[in-house]
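*Asks:* Below you will find the structure I want to go over with you.
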Amino acid sequence: MPVPATTYSEDLELLRASAVAAGIIASGFFRRDVKSWNKENASPVSEADIMVDRYLAASLLRARPTYGWLSEETTDNPSRLDCERVFVVDPIDGTGGFLRGEDSWSISLAVVENGVAVAGVVYAPVRDEMYAAAKGEGARLNGKIIRRVRRPGAAPVIPAAGAVHQELQQAGLNYTRGPYYPSLAYRLVQVATGKLDAVASRRGSQDWDIAGAAVILDEAGVDIADVCVGFPQFNKRDVRHGALAALGDMSLKPLVHAALIKVYGCPAEGQAVAAHTTDERI
């Protein structure tokens, strides 16, 4: 298939515009009586997720008909594996928080090229925060370059599951337990801003949970890795990932990676990555 004629920057503009419109649709359901149900994996989904997903599929694929499509709320089509570029979409990341009326849910969109996220947005409509990046062009929050801001001498702030906290404490790390944001994408990009110093996430996240954030973190100079295999690759046949660590302070890497491997393990070669049931709430 020929290389797409559009630039990463042009793809990013499309993602931004679509995310804003999707945010308007989702906000129309927010803090209202919304129909919701549980999927087979027990994760919640609502009529808002479905409506946003339908809008994004129509909007994005109309603009880029040769791109593949991978979304949490759309039945997977293996034809995406043959596409040069693929849209990777989570119409509402943090649906549980959305349904509880919490304001940190997000819309996470990415363009993936040959397994690498090259453009991405994480948009939190209620908080009016648009995180965006294209490969080679830096990461921005509401149009301004993201620069990590941390208080000198402050203990690192790390959200993680209880079992991971236990491992970090046993290792003697002096840190503060971070706030829990139901949207993994939103949680990850807070490492770029400096609100969090690390994010430790369980096994079982999927492409749509992290692709948009991955390019933002990479462009912001934040290390993000599947602790078992390294920098995450996207649009593979199996879209699940091992335990993830995003690190704004690389001195934390040995302890955070070791804790995640101890709690969640690494799949044997050729073994699918299964979701782990440990609750990530703090």
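No value in this document is a laboratory result; all are computed from the given coordinates. Not measured: the values here are computed from a predicted model. Reconstructed Cβ throughout: ideal geometry from the backbone, glycine too, with neighbour counts over all protein chains shown.
*Asks:* With a ≥ b ≥ c the root eigenvalues of the C-alpha gyration tensor of the chain, is it rounded (a/c under 1.5), prolate (a/b larger than b/c) or oblate?
*Replies:* Note, shape of the chain comes out rounded.
*Asks:* Neighbour counts of other C-beta atoms within 10 Å: give me Tyr264, Tyr180 arranged from fewest to most.
*Replies:* Arranged by neighbour count, lowest to highest, Tyr264, Tyr180 become Tyr180, Tyr264.
*Asks:* How do Tyr55, Tyr186, Tyr8 rank when sorted from fewest to most other Cβ atoms within 10 Å of their own Cβ?
*Replies:* Working: Tyr55 17, Tyr186 24, Tyr8 20.
Final ranking by Cβ density, sparse to dense: Tyr55, Tyr8, Tyr186.
*Asks:* If Lys and Arg each add +1 and Asp and Glu each add -1, what is the summed charge of the other residues whose beta carbon sits under 15 Å from the beta carbon of Glu137?
*Replies:* Result for the local shell: -2.
*Asks:* Quick one: net charge of Asp49's neighbours, Cβ under 12 Å, K/R +1, D/E -1?
*Replies:* So the environment of Asp49 carries a net charge of -3.
*Asks:* For segment 145-202 and segment 26-88, what is the separation of their Cα centres, given in Å?
*Replies:* Cα centroid of segment 145-202 versus Cα centroid of segment 26-88: 29 Å apart.
*Asks:* Next question, about the same structure. Determine which aspartates and glutamates satisfy two conditions relative to Lys135: a Cα distance under 17 Å, and not lying fewer than 8 residues away in the same chain.
*Replies:* Glu10, Asp11, Glu13, Glu84, Glu113, Asp218, Glu219, Asp223
*Asks:* Going through the cross-link list Lys236/Lys262; Lys144/Lys253; Lys35/Lys195; Lys144/Lys262; Lys144/Lys236, which pairs have a Cα-Cα distance over 30 Å in this structure? Each step should come with its number before you reach the end.
*Replies:* Values: Lys236/Lys262 26 Å; Lys144/Lys253 28 Å; Lys35/Lys195 33 Å; Lys144/Lys262 38 Å; Lys144/Lys236 33 Å.
Too far apart for the 30 Å limit: Lys35/Lys195; Lys144/Lys262; Lys144/Lys236.
*Asks:* What is the sum of charges, Lys and Arg at +1 and Asp and Glu at -1, for the other residues whose Cβ falls under 11 Å from the Cβ of Phe231?
*Replies:* Summing Lys and Arg as +1 and Asp and Glu as -1 gives -3.
*Asks:* Let me make sure I get this right: for segment 1-158, a, b and c are the square roots of the gyration tensor eigenvalues over alpha carbons, sorted descending. Under 1.5 in a/c it's rounded, otherwise prolate if a/b > b/c, else oblate. Which is it?
*Replies:* Judged from the Cα gyration tensor, segment 1-158 comes out oblate (a/c at least 1.5, b/c at or above a/b).
*Asks:* Rounded if a/c is under 1.5, else prolate if a/b is larger than b/c, else oblate: which is segment 196-270, with a ≥ b ≥ c the root eigenvalues of its Cα gyration tensor? Can you show the working numbers first?
*Replies:* On the way: a/c = 2.06, a/b = 1.10, b/c = 1.87.
Verdict is oblate for segment 196-270.
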